[in-house]
Amino acid sequence: MIPGDCLYHENHLWVRRDGENEAWVGVTHHAQDSLGEVVYIECAEVGAEIKQGISFGIIESVKVMSDLIAPVSGTVLAVNDAVSADPCSVNRDPYQEAWLLKIKIGDIAELSGLMSAENYGQYVKGS
């Protein structure tokens, strides 16, 4: 359940490149499974600058509220409003339907600090 076409941040967010310097960002299956039923999501707005390692929003479940930590820096190009309207979509389809942001990557070199699907799988097993 860990797609090979994504890179993964230690805070359980994924990045899927779209062309040279754009990417989709979302919450991993592991994160949504740990959170339980997601009831609320708030993300940075279009045009906002996000910075790797800094919160760009919040995700709330019936169990807990957590910050969404940016896996890479960049400018928000699009926000998935459907996720705000139906937060449970993160539980159903975290890698396709429930992407959170599309960004223009500010520093491509930051991608080298993210984990491959295989490494993320090992990371999740160890936590």
Checklist outcome for this item: In a Gaussian network model of the chain with springs linking alpha carbons closer than 10 Å, the residue among Q32, Q96, Q52 that fluctuates most is Q96
Checklist entry - What residue among G53, I2, V83 has its Cα farthest toward the positive end of the dipole of the chain, where the charges are +1 on Lys, Arg and -1 on Asp, Glu, each on the Cβ? => result I2
Checklist entry - Under a point-charge model restricted to the Cβ atoms of Lys and Arg (+1) and Asp and Glu (-1), what is the dipole moment magnitude of the stretch 60-127 relative to its Cα centre, in debye to the nearest 20? => result 100
Checklist entry - What residue among V25, V72, V64 shows peak mean-square fluctuation when the chain is described by a Gaussian network model with Cα springs under 10 Å? => result V64
Item to check | Candidates I54, I41, I103: whichever shows maximal mean-square fluctuation once the chain is modelled as a Gaussian network with Cα springs under 10 Å | outcome: I54
Checklist entry - Please identify the GluC sites (Glu not before Pro) of the stretch 1-67 that satisfy two criteria: DSSP loop assignment and at most 14 other Cβ atoms within 10 Å. Which are they? => result E10, E20, E37, E45
Checklist entry - For the chain, what relative contact order do you get, as a whole percent, if you take Cα pairs closer than 8 Å and at least 6 residues apart? => result 31
Next on the checklist: Using the crude model of +1 on Lys and Arg Cβ and -1 on Asp and Glu Cβ, and no other charge, please compute the dipole size for the chain relative to its Cα centre, in debye to 20.
Outcome noted: 220
Next on the checklist: Need one number: nm distance between label points at D5 and D93, each 7 Å from Cα along Cα→Cβ, rounded to one decimal.
Outcome noted: 1.4
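Rule-based calculations on the coordinates, nothing more; no lab input. Please read these numbers as outputs of a predicted model, since none were measured by experiment. Cβ coordinates were reconstructed from backbone atoms using ideal geometry, including for glycine residues, and neighbour counts include every protein chain displayed.
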